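Contents: one structure, followed by commentary.
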Amino acid sequence: VQLQACGGGLVQAGGSLRLSCAASGRTLSTLDMGWFRQAPGKEREFVAGMRWNGDVTYSTDSVKGRFTISRDNAEKVVYLQMNMLKPEDTAVYYCAAGSMLVRSSWSPTDINYWGKGTLVTVSS
């Protein structure tokens, strides 16, 4: 599976961005999909994830109520809608895919496939 994320950019605090992750090489319908981020000098952290059939979503506490993950298996695309952005959301965001991720927080070691990151910068 090849994953390609896009949609990052520079936005003011309080603004919105939508990240997209397009997959190729394999159907998404059997993969759990999610987003991680990595800020300068920090470890890569889980942001949000969704089970393969879309029935369960997970997100880290710091983005609850602001970020929404969604997916379109037919189009092989996963989205991350980010609202009310804060300067602390500044990071490189990575699309990720794995299997059997039935837990509220995912680790980078759980991931089988990574996309190249897309930079999100939130100015204060």
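The values are calculated or read from the model by the stated rules, or taken from the named source; none is laboratory data. Remember, it's a predicted structure, so these values are computed and weren't measured experimentally. Virtual Cβ from ideal backbone geometry, glycine too; neighbours counted across all protein chains shown. Ligands, DNA and RNA are stripped out before the accessible areas are found, and what is left, the full protein with its side chains, is counted by its heavy atoms. Shrake-Rupley method; radii C 1.70, N 1.55, O 1.52, S 1.80 Å.
Tabulated data for the structure shown
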{"read-out": "Over the chain: Rg over Rh, Cα atoms, Kirkwood Rh", "value": "0.94"}
{"read-out": "Extension gain (nm, one decimal) between Ala39 and Thr121, 0.36 nm per residue minus Cα-Cα", "value": "28.5 nm"}
{"read-out": "Per-pair calculated FRET efficiency, R0 = 25 Å: Gln2 and Glu88 via Cβ, rounded to 0.05", "value": "0.25"}
{"read-out": "Residue-normalised accessible area of the chain, given per residue in Å² at a 1.4 Å probe", "value": "50"}
{"read-out": "Net charge of neighbours whose Cβ lies under 12 Å from the Cβ of Ser124, counting Lys and Arg as +1 and Asp and Glu as -1", "value": "-1"}
{"read-out": "Phi-based couplings in Hz for the stretch 83-96 (Karplus 6.51, -1.76, 1.60; Gly and Pro marked x)", "value": "10, 6, 5, 10, x, 6, 7, 4, 4, 8, 9, 10, 7, 9"}
{"read-out": "Mean separation of Cα contacts under 8 Å (6+ apart) over length of the chain, as relative contact order %", "value": "36"}
{"read-out": "Extension reserve of the Ala13-Asn53 stretch, reckoned as 0.36 nm per residue once the Cα distance is removed", "value": "11.1 nm"}
{"read-out": "Accessible carbon and sulfur surface of the chain relative to its total accessible area, %, 1.4 Å", "value": "50"}
